[in-house]
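The values are calculated or read from the model by the stated rules, or taken from the named source; none is laboratory data. All figures in this text were calculated on a predicted structure; none of them were measured in a lab. Cβ placement follows ideal geometry from the backbone for every residue including glycine, while neighbour counts extend to all protein chains displayed. Note: areas computed on protein heavy atoms with side chains; ligands, DNA, RNA excluded. Shrake-Rupley method; radii C 1.70, N 1.55, O 1.52, S 1.80 Å.
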Amino acid sequence: DTGVSQNPRHKITKRGQNVTFRCDPISEHNRLYWYRQTLGQGPEFLTYFQNEAQLEKSRLLSDRFSAERPKGSFSTLEIQRTEQGDSAMYLCASSLPIGTENTGELFFGEGSRLTVL
Amino acid sequence: AQSVSQHNHHVILSEAASLELGCNYSYGGTVNLFWYVQYPGQHLQLLLKYFSGDPLVKGIKGFEAEFIKSKFSFNLRKPSVQWSDTAEYFCAVNAGGNNRLAFGKGNQVVVIP
């Protein structure tokens with residue numbers, strides 16, 4: 001399977017613990033995005049990378065959240081001191097650069113579901 | 001900021017019925033428009049997209065959408081749904097050279113056999 005891969009698929013943790021999610025994008029895609037989706041809502045943008053550079057962060061990304069993409073390939077999203085409000089599906093997506101062959105279509109992984117007790 | 005509105009969050013219909021899902025966005029410039037579908041237990045998949053040219057776009061599985069610039073709309077249609085179309089449908093906009101998609105809240109569609 002050459003799609004976007006995310007793990008773990010499910011994570012249950014206690015409030016106050018740290019969690020980390022990993023995303024492996026499609027290999028030729030240099031853009032990588034993190035979104036969050038809660039029940040009854042569409043995906044909400046968190047942050048995106050072009051290669052290893054983090055170019056934009058949403059106001060939703062509090063200082064407890066940090067994302068990295070050290071070598072421009074896979075990415076990690078860490079949430080420190082988790083709160084119950086962090087419970088959500090965390091989606092990763094990747095894309096080619098916007099240009100003549102790409103119109104901004106994102107390819108999504110299956111997501112990592114976080115439950116904070 | 002861009003925003004995307006989808007109406008009638010829950011839609012229930014019978015097989016062979018026609019489906020139309022509304023999508024309105026707020027942005028006055030050039031936009032790229034998308035409909036994504038999420039089948040139960042699966043990841044988001046692209047259904048169709050518009051970026052230029054013919055405003056009537058045809059996608060997979062018999063879906064089509066029409067971009068009406070004057071109405072800031074990109075409504076999704078299918079003339080005859082099947083049980084397998086049960087899914088959640090999301091409209092999304094990429095506007096003004098922005099590097100990210102803004103999504104609507106989605107439409108949960110249930111097709112009764």
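The residues packed around B:VAL11, meaning those with a beta-carbon under 14 Å from its beta-carbon, carry a net charge of -1 if Lys and Arg are +1 and Asp and Glu are -1. Computed from point charges on the beta carbon alone (+1 for Lys and Arg, -1 for Asp and Glu), the dipole magnitude for the protein assembly as shown about its Cα centre is near 520 Debye. For the chain pair A and B, the buried solvent-accessible surface (1.4 Å probe, both sides summed) amounts to about 1700 Å². By the rule of a C-alpha distance below 12 Å, with chain neighbours fewer than 8 residues away ignored, the aspartates and glutamates paired with B:LYS78 are B:GLU15, B:GLU20, B:GLU64, B:GLU66.
Between the listed residues B:VAL110, A:ASN18, A:GLY42, the Cα displaced farthest toward the positive end of the dipole of the protein assembly as shown, a dipole computed from Cβ unit charges relative to the Cα centre, is found at A:ASN18.
Shape analysis of chain B based on the Cα gyration tensor places the equivalent ellipsoid semi-axes at 24, 14, 12 Å, largest first. Calculated on the alpha-carbon coordinates, the convex hull of the protein assembly as shown measures out at 125 cubic angstrom per residue. For chain B, the relative contact order works out to 38 percent when only alpha carbon pairs closer than 8 Å and six or more residues apart are counted.
Under a 5 Å amide H cut-off, with hydrogens placed 1.01 Å from N, B:GLN2 pairs with nothing among residues at least 5 apart or on other chains.
Computed log10 I(q)/I(0) for chain A at 0.09, 0.23 Å⁻¹: -0.22, -1.38, from the Debye equation with unit scatterers placed on every C-alpha and solvent omitted.
Take each residue in B:40-50, count the other chain C-beta atoms within 10 Å of its C-beta, and the mean is 3. For B:ILE112, the solvent-accessible surface computed with a 1.4 Å probe is close to 80 Å², ligands and nucleic acids excluded. By the scheme Lys and Arg +1, Asp and Glu -1, what is the net charge of all other residues having a beta-carbon under 10 Å from that of A:ASN7? Every neighbour counted, the sum reads +1. Mean-square fluctuations from a GNM of chain A, with a 10 angstrom spring cutoff on Cα atoms, peak among A:SER95, A:SER58, A:SER75 at A:SER58. Between A:TYR33, A:LEU61, A:CYS92, the Cα set farthest toward the positive side of the dipole of the range A:18-117 (charges on each charged residue's Cβ, about the Cα centre) is that of A:LEU61.
A Förster radius of 45 Å combined with the Cβ-Cβ distance from A:SER27 to B:ILE112 puts the calculated FRET efficiency at roughly 0.60. Here the extension length gained between B:HIS9 and B:LYS71 equals 20.3 nm, from 0.36 nm per residue of separation less the Cα-Cα distance.
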